[in-house]
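One structure is given here, and the rest of the page talks about it.
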Amino acid sequence: MAIPQLTEEQTRSWTRAQKDRWWFENIYRGDMPQLTLRSAVTGFFLGAILAATALYIAAKTGVGIGVGLTSVILAFAIFKALARARIAKDFTILENNCTQSIATAAGYMVQPLTTSIAALMLVTGVIVPWYEMIPWMIVIAIIGVLVAFPLKRKFINDEQMPFPEGRAAGVVLDTLYSDNAKVGFFQAKLLGISSAIAAFYQFLAGDGWMKLVQFKILRMNQWLGLEEPWRFHDRLDDYYYMAAAKFDLWIPKAFGVEFREIGLRGGLDIAMVGIGGLMGIRISTSVIVGMLVNFVVLAPLMIQRGDIARDVVNGVVQPLSRAQVVNKWSLWWAVTMMVVGSFVGLIGKPETLIGPFKRFFAKKEKVIAVAQRDILAGIELPLWVSFVGIPIFGLIGAWMAHSFFGADWKLALLALPLIFVLSIICANAMALTSWTPTGPLSKVTQFSMGALDRTNPATNLAAAGMTAEVCANAGNLLSDIKPGYMLGAKPRQQAIGHIIGIFSGALAAVPLFFLLFLQPGADGARSTATIISDKFAFPAAIQWKGVADLIAKGLHSLPTSAIISMVVAAVLAAIFEIARIRTKGKFPLSPVSIGLGVTLPPDACVAMWIGAVFFWYMGRNRTPGTKGHDLWVVGVESICAGLISGAALIGIGDAIVNVLM
């Protein structure tokens with residue numbers, strides 16, 4: 001059924017008190033269970049699983065995946081099945097909404113692990129202990145919650161701003177719990193089938209799983225004499241190179257440099273296929289353009305020139321790796337393109353920058369009576385909690401940045417007012433576009449603090465990490481509250497649920513980070529050298545580290561060709577982003593995505609592009625109401641979410657099995 005909402009005229013002319021009264025009388029479901037024990041527990045554990053998935057994908061691609069709709073569908077399917085089996089009563093619509101809010105908050109908690117914290121460890125070579133990571137992440141995320149609620153009164157209650165992603169979750173929830181519940185079953189079925197297919201594919205490609213099955217369970221190494229287990233190579237060019245070695249076939253090269261040496265490989269990682277389907281054809285094409293320009297043209301040329309030099313160990317010239325190519329030269333133009341493109345995109349949307357402040361200081365013609373103001377006092381989070389909590393948690397966060405990471409505590413404090421301003425901008429961007437520009441906004445703090453303290457990378461990285469986490473939690477909490485507002489939920493309980501999700505995500509993601517990326521060596525000691533690998537590229541952390549290195553070393557430390565490439569990249573990024581804005585998104589290239597294509601492994605770029613092309617082709621020219629439209633247009637998000645989650649969970653299991661074996 002259609003969700004009641006105010007008209008544009010009512011939104012424009014009514015006071016906030018009138019809007020609050022209308023919502024209270026027409027939408028609010030005061031007696032319906034919401035934050036119950038089962039919704040909290042389900043959200044906590046579902047959030048832990050989705051946080052693990054988000055960490056796996058972000059470490060591979062640098063892309064943060066939204067888990068809101070996935071958690072909605074999973075919670076619906078779980079409790080609908082339990083209700084049919086007469087094990088538990090079905091979820092109410094508000095319990096489901098609360099569960100997705102908790103799970104979504106947990107998914108956001110992986111961001112520092114794949115950006116600021118990982119970059120800090122790569123720069124310093126010092127591992128941040130888990131007992132420092134977890135409290136710091138939780139404290140900074142709670143600041144985001146405290147920042148969000150004063151904004152909630154303005155952006156959601158008063159301005160009725162769209163929050164497209166949150167609104168989509170509200171519409172899906174309303175559909176699932178209406179007479180069209182069969183739509184929910186269909187979406188859940190798609191997610192389950194695609195998860196199973198991806199899981200089986202990843203199982204066959206998993207070295208750890210195959211060792212476990214073939215060597216530990218079936219003992220095939222003993223009675224068949226196998227030295228290495230059979231597995232499917234998702235890096236498909238492995239099969240060609242094996243044949244090339246056997247039959248002396250042609251080895252692909254670019255300007256005399258073997259593709260393999262610089263990491264130019266072809267693969268079909270099934271999780272990346274799902275990511276590509278969600279990215280869309282324009283973004284994934286930009287990614288593969290960046291990859292081809294760098295690895296087929298620029299990197300081989302720079303190797304020939306000597307600007308990307310091969311290391312010499314004991315007089316022996318060592319082959320290059322993809323990571324060396326990126327870190328020695330390519331990173332600089334890629335980071336420049338991403339940062340400039342992001343800033344131009346942000347500046348090109350003046351409503352995103354100026355709008356929230358204009359609205360805050362706009363005067364209402366009508367006087368609001370004191371009695372009217374308090375109609376939601378019993379269900380909203382009291383404003384005094386934010387006004388008292390923000391300074392307290394801000395001071396704690398600044399102290400932690402100094403005590404845990406070695407940042408200058410005075411500069412960490414100085415960064416806080418800037419962080420709060422940037423959070424308002426981020427929340428406004430989320431309200432208008434479902435985009436949280438944490439990347440460019442965190443660079444504002446990183447460059448600002450770096451200008452004041454060039455010698456200590458911890459200062460700019462910690463401040464930028466605080467910016468990203470506060471902004472992300474403030475913007476995303478508002479997006480989570482939007483469906484609750486549409487469906488009549490209690491905002492105070494959603495805030496509590498979000499904090500439950502913060503703990504869930506931190507407690508799940510940090511141990512997994514150590515298990516997957518900080519594996520002990522032969523001497524039993526963990527090293528930051530294991531963070532980046534061929535499997536986990538950590539492109540976002542590389543970008544943050546690159547900015548920190550540039551601040552510390554200055555442009556004069558780079559090869560002349562790298563500086564020229566940065567200038568060219570900056571100009572092209574500005575041109576591309578302006579063209580994209582002027583054409584209202586029709587311009588085919590995204591500078592941020594081009595830069596991303598340089599920092600990602602080439603085989604991941606190929607797989608994402610294949611996924612985008614496949615889902616674009618399958619979804620074109622589909623007539624609404626037909627099975628094809630329901631499957632390939634309406635169901636594409638469920639299919640892609642299934643591919644991502646199925647592959648990620650089995651991939652995580654494979655990494656754990658490898659560690660334990």
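Looking across the range 534-546 at every residue that is assigned to a loop (DSSP other than H, G, I, E, B) and of a type in the set (Phe, Trp, Tyr), the one that is nearest to ALA462 (Cα to Cα) is identified as PHE538. Tallying residues that are surrounded by 14 or more Cβ atoms within 10 Å (Cβ to Cβ) and not in a loop (DSSP other than H, G, I, E, B) within the range 201-237 yields 17. Going by what's in this entry, would ILE496 be described as under 17 Å from the mean Cα position of the chain (by Cα) and modelled with pLDDT of 85 or more? In short, no. Would you please list the contacts, defined by Cβ atoms under 8 Å and residues six or more apart or on different chains, that run from a residue in the range 155-174 that is within 19 Å of SER423 (Cα to Cα) to a residue that is of a type in the set (Asp, Glu) and surrounded by fewer than 24 Cβ atoms within 10 Å (Cβ to Cβ)? From the range 155-174, the pairs are ASN157/ASP20. Checking the structure you have, find out if any residue of the range 345-352 is modelled with pLDDT under 80, among the charged types (D, E, K, R) and either in contact with a Leu (Cβ under 9 Å, 6 or more places away or on another chain) or surrounded by 23 or more Cβ atoms within 10 Å (Cβ to Cβ) (or both). So far as the range 345-352 goes, yes, one or more of its residues are modelled with pLDDT under 80, among the charged types (D, E, K, R) and either in contact with a Leu (Cβ under 9 Å, 6 or more places away or on another chain) or surrounded by 23 or more Cβ atoms within 10 Å (Cβ to Cβ) (or both).
Residues in the range 21-32 that are loosely packed, with under 15 Cβ neighbours inside 10 Å and either under 16 Å from GLN493 (Cβ atoms) or under 32 Å from the mean Cα position of the chain (by Cα) (or both): 5 in all. Could you list, in sequence order, the residues of the range 156-171 that are part of a helix (DSSP H, G or I) and modelled with pLDDT under 80? Matches in the range 156-171: PRO164, GLU165, GLY166, ARG167, ALA168, ALA169, GLY170, VAL171.
Evaluation of GLU637 against the conditions (1) farther than 26 Å from LEU331 by Cβ; (2) not in a helix (DSSP H, G or I) shows that the sole unmet condition is (2). Please go through the range 206-218 and give me each residue that is in contact (Cβ under 8 Å) with a residue 24 or more places away in the chain and in contact with a helix residue (DSSP H, G or I) (Cβ under 8 Å, 6 or more places away or on another chain), ordered by number. Answer for the range 206-218, where residues must be in contact (Cβ under 8 Å) with a residue 24 or more places away in the chain and in contact with a helix residue (DSSP H, G or I) (Cβ under 8 Å, 6 or more places away or on another chain): GLY206, ASP207, GLY208, TRP209, LYS211, LEU212. For the range 485-533, a tally of residues being in contact with a helix residue (DSSP H, G or I) (Cβ under 7 Å, 6 or more places away or on another chain), within 25 Å of SER39 (Cβ to Cβ) and not in a helix (DSSP H, G or I) returns 1.
Per the conditions (1) in the same structural domain as GLU95 (by TED's automatic domain parsing); (2) at pLDDT 85 or above; (3) surrounded by fewer than 24 Cβ atoms within 10 Å (Cβ to Cβ), the sole criterion not satisfied by ALA522 is (2).
If you check GLY653 against the conditions, is it surrounded by fewer than 20 Cβ atoms within 10 Å (Cβ to Cβ), small (Gly, Ala, Ser) and in contact (Cβ under 8 Å) with a residue 40 or more places away in the chain? Yes: the conditions hold for GLY653. Residues that are at pLDDT below 85 and out of contact with any Lys or Arg (no Cβ under 8 Å at 6 or more places or on another chain) within the range 265-281 comprise ILE275, LEU278, MET279, GLY280, listed in sequence order. If you check LEU518, LEU512, LEU589, which single one turns out to be closer than 28 Å to ASP269 by Cβ and touching a Lys or Arg at 6+ places or on another chain (Cβ under 6 Å)? The conditions single out LEU518. Of all positions in the range 53-67, at least one carries a residue that is closer than 30 Å to PRO602 by Cβ and of a type in the set (S, T, N, Q).
Selection of the range 241-287 for residues being more than 25 Å from ASN327 (Cβ to Cβ) and out of contact with any helix residue (DSSP H, G or I) (no Cβ under 9 Å at 6 or more places or on another chain) yields MET242, ALA243, ALA244, ALA245, LYS246, PHE247, ASP248. Suppose the filter is modelled with pLDDT of 85 or more, more than 21 Å from the chain's Cα centre (by Cα), buried (at least 16 other Cβ atoms within 10 Å of the Cβ) and part of a helix (DSSP H, G or I); does LEU643 pass it? Considered against the rule, which asks whether it is modelled with pLDDT of 85 or more, more than 21 Å from the chain's Cα centre (by Cα), buried (at least 16 other Cβ atoms within 10 Å of the Cβ) and part of a helix (DSSP H, G or I), LEU643 comes out as no. For ALA299, the stated conditions do not hold, so it cannot be described as at pLDDT below 90 and on the phi < 0 side of the Ramachandran plot. Residues of the range 397-428 that are of a type in the set (Gly, Ala, Ser) and assigned to a helix (DSSP H, G or I): GLY397, ALA398, ALA401, SER403, ALA412, ALA415, SER423, ALA427. Within the range 300-328, the residues that satisfy the criterion of being touching a residue at least 60 places away in the same chain (Cβ under 8 Å) and either among the basic types (Lys, Arg) or surrounded by 24 or more Cβ atoms within 10 Å (Cβ to Cβ) (or both) are ARG305, ARG322, VAL325, VAL326. Applying the set (1) more than 19 Å from ALA58 (Cα to Cα); (2) in contact with a Ser or Thr (Cβ under 9 Å, 6 or more places away or on another chain) to SER527 leaves exactly one unmet item: (2).
Which of the following residues is at pLDDT 85 or above and buried (at least 24 other Cβ atoms within 10 Å of the Cβ): ALA574, ALA541, ALA570? After applying the criteria, what remains is ALA541. Among the residues of the range 174-182, not a single one is at pLDDT below 80 and under 25 Å from the mean Cα position of the chain (by Cα). Just one of the listed residues (ALA604, ALA579) is surrounded by 15 or more Cβ atoms within 10 Å (Cβ to Cβ) and part of a helix (DSSP H, G or I), and it is ALA604.
In a residue-by-residue description of the range 568-580, the property of being within 19 Å of the chain's Cα centre (by Cα), in contact (Cβ under 8 Å) with a residue 12 or more places away in the chain and closer than 27 Å to GLU261 by Cα applies to no position. Report whether or not SER533 is in the same structural domain as PRO601 (by TED's automatic domain parsing) and not charged (D, E, K, R). Taking the combined requirement at face value, the residue satisfies it.
The values are calculated or read from the model by the stated rules, or taken from the named source; none is laboratory data. Since the model is a prediction, treat every value here as computed from it, not as a measurement. Heads up, the Cβs are rebuilt from the backbone with ideal geometry, glycines too, and the neighbour counts pull from every protein chain shown.
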